[in-house]
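The values are calculated or read from the model by the stated rules, or taken from the named source; none is laboratory data. All values derive from a computational prediction rather than experimental measurement. Cβ placement follows ideal geometry from the backbone for every residue including glycine, while neighbour counts extend to all protein chains displayed. Each accessible area value is taken on the protein alone, full model and side chains, heavy atoms only, with ligands, DNA and RNA left out. Shrake-Rupley method; radii C 1.70, N 1.55, O 1.52, S 1.80 Å.
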Amino acid sequence: MHYKNVLIPLQHRLLEERQRSYNAMQISVFDLLNSKRDLLTLKQAYVDTQRDYWLAYSQLQMLLNGRIPESLNFNNRPQA
């Protein structure tokens, strides 16, 4: 939730400020693009974090229900 409630809104505000600076010709287009890239990178990290959480949660639920998730099943691994 820290991404969603704190980091992403903060990065949005920073991007808006950078847009104003660009409009006033105080920064270059590359600086503005870097700020946009930073926002997109942060959003991707948020999505990755959510994915990792739900994968771990589903594996935990399977373990609690007595099933072993495929990623943890050591019997199906190829022999070396």
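Things to note:
- Amide hydrogen proximity for Ile27: with H placed 1.01 Å from N in the peptide plane, the residues at 5 or more positions away or on another chain lying under 5 Å are Tyr22.
- Computed from backbone phi, the HN-Hα couplings of the stretch 20-34 come to 5, 5, 5, 4, 8, 6, 9, 10, 8, 4, 5, 5, 5, 5, 4 Hz, rounded to whole numbers (Karplus: 6.51 cos²θ - 1.76 cosθ + 1.60, θ = phi - 60°; Gly and Pro given as x).
- Nearest-20 debye value, the chain charge dipole, Cβ charges on Lys, Arg, Asp, Glu: 80 debye
- Correct choice for Cα Rg over 2.2 N^0.38 Å that was computed from the model, options (1) 1.80; (2) 1.08; (3) 1.03: (1)
- Ranked order, Ser58, Ser21 - accessible area, probe 1.4 Å, largest first: Ser58, Ser21
- Carbon + sulfur, % of accessible area of the chain - ligands and nucleic acids excluded, 1.4 Å: 58 percent
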